[in-house]
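To start, the structure itself, in structure tokens.
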Amino acid sequence: MAARVFLLFTLGYFLSYFYRSANAVLAKDLSQDLGLGPAELGFMTSLFYLSFAAVQLPLGGLLDRYGPRIITPALLLVASLGSVVFGLAQGFPTLALGRALIGMGMAAALMGSLKAFSLWFPRTYATVSTLLVGLGATGGLLAATPLALLKEAMGWRGVFLLGAGVVVLVALLIYLGVRNTPPGVPWPKGGGGGGLREVLGNSRLLRVAFLALAFAGSFLALQTLWAGAYAYALGLEAVEVGNLLLLYSGGAVLGFLVSGYLADRLGTAKVLVGAASFFALGLLLALFKLLALAYPVMGFFGAFNILTLTQARELVPPHLVGRGTTLVNLFGIGGTFLLQWGVGVAVGTLGYAFAFGSLLGLLLLALFLYRPLLGLGKTSG
């Protein structure tokens, strides 16, 4: 049963990663078929993260009350509806609605899994959670060359209609195939609230949150849209773009899998700063159009942004871990929404060089503000 719990929840997160990444390969088709400009494309794609972030606020309470066996499949059905709406869209408003519903429906894919794993795998929680993120991120691989080939065979609309059926199937498998807790383990009562003011007053946590905004936001804004759109703008064809995104997402899978190990050995803060610096180097390489080198560098080191959530747990007392982690996660997801949209506006007015240069400047500012945390030592950094 434990293996089934891990497999089915990982499938849910795999689908979440696929959907968040799909528009990078489909950017050219969406723009041509529906007449979208860069700003509209960026805003529509970023709605996944806006609705995803909005659902995070009530999601914790729902998971605590009803459990991931109920909440995760229920929200996946919303994502399936969104996939149908997206696939049938004839204009920007309907397309945007579909994208927002997909983001809303995928909001519990990771947090529901982590809730379940905390009860099913209490002794190996960190290892199992890292494995979940690494394997789930292979959804980004499916949204690269395989998606480009599938899109050529059945069209982007067909992909989303097929995907809707797959999401319904996984939702049913989770509902019918898992339990909230192992046999004999009671469902825990919800913990106490409070502490929001204390969390917001934690200056070190806010530095980590701003780094999450710049680092996670840039990583996801590029992986899930602008890395593909930029390659198309340079004149590459769909399969070539898919291959480059495969390098980006493949690097990300490896990065997710090794980030925790390196942080344990070298310290979270040092690893975060080093990885963000190499990600910045990847942005520079992209500006010089060296995409075959830039994309795997950005994918591998960009995945280390997940360590901002690890550090959030280290910077708050135990009774505030949930709120501290949620704050950092909201900055990361909210940053993705803002940066994905903002890059579209910048591209439409001043071009890719200005847009990517702005991401680079924001990341360097976040690293500068983060510097005091390097003195915390290995346990906190």
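The values are calculated or read from the model by the stated rules, or taken from the named source; none is laboratory data. Quick caveat, the model's predicted, so the values are computed rather than measured. Positions of Cβ are backbone-derived with ideal geometry, glycine not excepted, and every protein chain shown enters the neighbour counts.
Would you please name the residue that is surrounded by the most Cβ atoms within 10 Å (Cβ to Cβ), looking only at residues in segment 314-338 that are at pLDDT below 90 and in contact with a Ser or Thr (Cβ under 6 Å, 6 or more places away or on another chain)?
328
Scan segment 353-361 and tell me whether some residue there is aliphatic (A, V, I, L, M), in contact with a Gly (Cβ under 7 Å, 6 or more places away or on another chain) and in a helix (DSSP H, G or I).
So the first thing to find is which residues in segment 353-361 are aliphatic (A, V, I, L, M), and the list is 353, 355, 359-360.
Applying the additional criterion that residues be in contact with a Gly (Cβ under 7 Å, 6 or more places away or on another chain) yields none.
No - not one qualifying residue is present in segment 353-361.
Mind checking whether some residue in segment 260-268 is buried (at least 16 other Cβ atoms within 10 Å of the Cβ), more than 18 Å from residue 131 (Cβ to Cβ), modelled with pLDDT under 95 and not assigned by TED's automatic domain parsing to the domain that holds residue 143?
To start, the set of residues in segment 260-268 that are buried (at least 16 other Cβ atoms within 10 Å of the Cβ) comprises 260, 262-263, 267-268.
Still in the running and more than 18 Å from residue 131 (Cβ to Cβ): 267-268.
With the extra rule that they be modelled with pLDDT under 95, the set shrinks to 267-268.
Right, trim to not assigned by TED's automatic domain parsing to the domain that holds residue 143 and you get 267-268.
Yes: segment 260-268 contains one or more residues that are buried (at least 16 other Cβ atoms within 10 Å of the Cβ), more than 18 Å from residue 131 (Cβ to Cβ), modelled with pLDDT under 95 and not assigned by TED's automatic domain parsing to the domain that holds residue 143.
Against the definition (in a loop (DSSP other than H, G, I, E, B), more than 27 Å from residue 245 (Cβ to Cβ) and out of contact with any strand residue (DSSP E or B) (no Cβ under 8 Å at 6 or more places or on another chain)), how does residue 123 come out, yes or no?
Details: in a loop (DSSP other than H, G, I, E, B): yes; more than 27 Å from residue 245 (Cβ to Cβ): yes; out of contact with any strand residue (DSSP E or B) (no Cβ under 8 Å at 6 or more places or on another chain): yes.
Yes.
Looking for something over 26 Å from residue 135 (Cα atoms) and either β-branched (Val, Ile, Thr) or not in a helix (DSSP H, G or I) (or both) - is there at least one such residue anywhere in segment 43-64?
No; the residues of segment 43-64 include none that is over 26 Å from residue 135 (Cα atoms) and either β-branched (Val, Ile, Thr) or not in a helix (DSSP H, G or I) (or both).
Hey, among 208, 241, which residue is in contact with a Lys or Arg (Cβ under 9 Å, 6 or more places away or on another chain), in contact (Cβ under 8 Å) with a residue 12 or more places away in the chain and crowded, with 23+ Cβ neighbours inside 10 Å? Lay out the reasoning, then the answer.
On the way: 208 fails: in contact with a Lys or Arg (Cβ under 9 Å, 6 or more places away or on another chain).
Only one candidate passes the filter, namely 241.
Which of the following residues is in a helix (DSSP H, G or I) and closer than 19 Å to residue 28 by Cα: 261, 248?
Just one listed residue meets the conditions, 248.
Just to verify a result, which residue in segment 214-233, among those that are buried (at least 24 other Cβ atoms within 10 Å of the Cβ) and hydroxyl-bearing (Ser, Thr, Tyr), is nearest to residue 282 (Cα to Cα)? Before the answer, list the steps.
Keep residues of segment 214-233 that are buried (at least 24 other Cβ atoms within 10 Å of the Cβ), which gives 214-231.
Filter once more, keeping what is hydroxyl-bearing (Ser, Thr, Tyr): 218, 224, 230.
Values: 218: 12, 224: 16, 230: 14 Å.
Among residues in segment 214-233 that are buried (at least 24 other Cβ atoms within 10 Å of the Cβ) and hydroxyl-bearing (Ser, Thr, Tyr), the one nearest to residue 282 (Cα to Cα) is 218.
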